[in-house]
Amino acid sequence: MKSPKLNLQTVVLVLIGAGLIALALGGYLTPVSRLIITPFVNAQTWLTQRYTAVRDTLTAPQDITRLRQRNLELEAEYSRLQAQIIELQQQLSETRILSALVDFARASPENQYQAAAVIGRDPSPFLYYVIINRGSDDGIRRGMPVVTQQGLVGRVTAVTAGAARVQLITDPASVVNVRVEPSRADAVLKGELSGDITIDMIPQGADIKTGNLVLTSGLGGGYPTNVLIGQIASIRSRDQDLFQQGILQPVVDFSRLEIVLVITNFKPVDITPLIPAPGVP
Amino acid sequence: MAVALAFPVMGLLVLLQTTLVSQLPLLHGTADLVLLVIIAWALQKRVDTAWHWTIIGGLMISMASALPFGVPLIGYLLATSAAYFLRRRVWQAPILAMLIVTLIGTLLYHGTSWIALQIAGNPLDFFQVLNLITLPSLILNSLVSIPVFAIISDLAKWLYPETLMV
């Protein structure tokens, strides 16, 4: 007798189970399951949040200390790398300048050069002088010409053991004898207080045009010959004047001088004793 | 102590002047830190070493500059004289005194330099000098004079503490 009852119960249970599965698969139990599961999930969430909060509270101080330390380490590393980048950029810039200077020196093998860094400018705004970090200990002597890979900068006017003062060709007291190409006309360059360079004493007959190159002529013995200085930017020729005058655009950017070359095998000639004094026959 | 301090202070100022300040021109004028510090020092009430500072600063600039030797020293001595002269008259308004002496000192210093260059055979056009160098330098010196005065006042108070009468 028991067997058929059990079988009936089993069949009923199986049928209920199958029915529930069929309803679940058909999606008919979703509202019911949501009704049951939602409070459970909410409770689970609440509990997990509390647990996490408690766990963070217990473990956080150690982590924060560790993270702060790590942050400090990374910040220090970042600063170090930033400084390294700046240093490398400076080295790259210097290397480029030096490379250009080496190329220039190779192009003029007859000259011996001593590279020097510009370390300061004259404190007086009346004068255009720079101070370089090479002096008599490095073979620098008064009167030596100073150039860059672009062209003429000036000449050494004072020397100490470890430094020298260079008068720029833009200085109002600077005078350079030059030659204008291609006409080969001799002229004189003068610095101006405004920082401009004027070219004067160009013979009226000389055919001078804007853009003509200006090089040192070597006359007077103060500078070597054929060192590029710049181009004629403008020229003024009036019939009533004895000479033509003009403005020169120098090839050297005097506001950005960093490294220069001193021509150490050039010996300037002092022709002052040969110039007759006024009134002396 | 105050005289000994002049050597590092002036040395640092000459260094700053040749490397930094001379590279920051307005037209062609530049601020003159040494001149401003000398003036500010001379205007301090209890300071009695202004002449020493002037001579030390003047000699250092003379060595660094291509101006005829001693010309900066003469210019600074004239500026210090102006500061002493005005200190007795405008002592209640030190900032005003600083501005006035900066104006006079700059003109005296530039005038001295201009005359010296004329004598040395390097004549410069007066109006060009005035427009391109002196007036811009005056503006820069006036701007820098106030912070310089504040710093030098603190230095003077530290070196010459006020004595209290009990």
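Here are the numbers for this structure:
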quantity	calculated
Sole residue being open to solvent by less than 40 Å² (accessible area, probe 1.4 Å) and in contact with a helix residue (DSSP H, G or I) (Cβ under 8 Å, 6 or more places away or on another chain), chosen from A:Asp122, A:Asp186, A:Asp171	A:Asp122
Filter pass, B:Val71 being under 22 Å from B:Met10 (Cβ atoms) and either buried (at least 16 other Cβ atoms within 10 Å of the Cβ) or of a type outside the set (Lys, Arg) (or both)	yes
Residue in region A:104-123 that is within 14 Å of chain B (Cβ to nearest Cβ) and assigned to a loop (DSSP other than H, G, I, E, B) present	yes
Qualifying residue in region B:145-158 (condition: surrounded by fewer than 19 Cβ atoms within 10 Å (Cβ to Cβ), basic (Lys, Arg) and outside any helix (DSSP H, G or I))	no
Members of region B:96-112 that are more than 10 Å from the chain's Cα centre (by Cα) and within 17 Å of B:Val37 (Cα to Cα)	B:Leu96, B:Ala97, B:Met98, B:Leu99, B:Ile100, B:Leu103, B:Ile104, B:Leu107, B:Leu108, B:His110
Residue satisfying all of: in region B:98-149; more than 18 Å from B:Leu86 (Cα to Cα) and small (Gly, Ala, Ser); farthest from the other protein chains (Cβ to nearest Cβ) among these	B:Gly111
Among the residues listed as B:Ala42, B:Ala6, B:Ala83, B:Ala93, the single one being free of Cβ contacts under 8 Å to residues at least 60 places away in the same chain, more than 10 Å from every other protein chain (Cβ to nearest Cβ), open to solvent by less than 10 Å² (accessible area, probe 1.4 Å) and over 11 Å from the mean Cα position of the chain (by Cα)	B:Ala6
Selection from region A:158-173 of residues that are over 17 Å from A:Val251 (Cα atoms) and assigned to a loop (DSSP other than H, G, I, E, B)	A:Thr160, A:Ala161, A:Gly162, A:Ala163, A:Pro172, A:Ala173
Flag if A:Ser136 is surrounded by fewer than 17 Cβ atoms within 10 Å (Cβ to Cβ), at pLDDT 85 or above and not acidic (Asp, Glu)	yes
Candidate set: region A:144-168, residues that are open to solvent by 10 Å² or more (accessible area, probe 1.4 Å) and touching a Gly at 6+ places or on another chain (Cβ under 7 Å); chosen: the one nearest to the other protein chains (Cβ to nearest Cβ)	A:Gln167
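This table checks each residue for (1) in contact with a Lys or Arg (Cβ under 8 Å, 6 or more places away or on another chain); (2) part of a strand (DSSP E or B).
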residue: A:Asp207; (1), (2): no, no
residue: A:Thr210; (1), (2): no, no
residue: A:Leu215; (1), (2): yes, yes
residue: A:Pro224; (1), (2): no, no
residue: A:Ile229; (1), (2): no, yes
residue: A:Gln244; (1), (2): yes, yes
residue: A:Ile247; (1), (2): no, yes
residue: A:Pro268; (1), (2): yes, no
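The values are calculated or read from the model by the stated rules, or taken from the named source; none is laboratory data. The shown structure was predicted, so the numbers you read here are calculated from the model rather than taken from an experiment. Virtual Cβ from ideal backbone geometry, glycine too; neighbours counted across all protein chains shown. When the accessible area is computed, the model is the full protein with side chains, heavy atoms only, and any ligands, DNA or RNA have been set aside. Shrake-Rupley method; radii C 1.70, N 1.55, O 1.52, S 1.80 Å.
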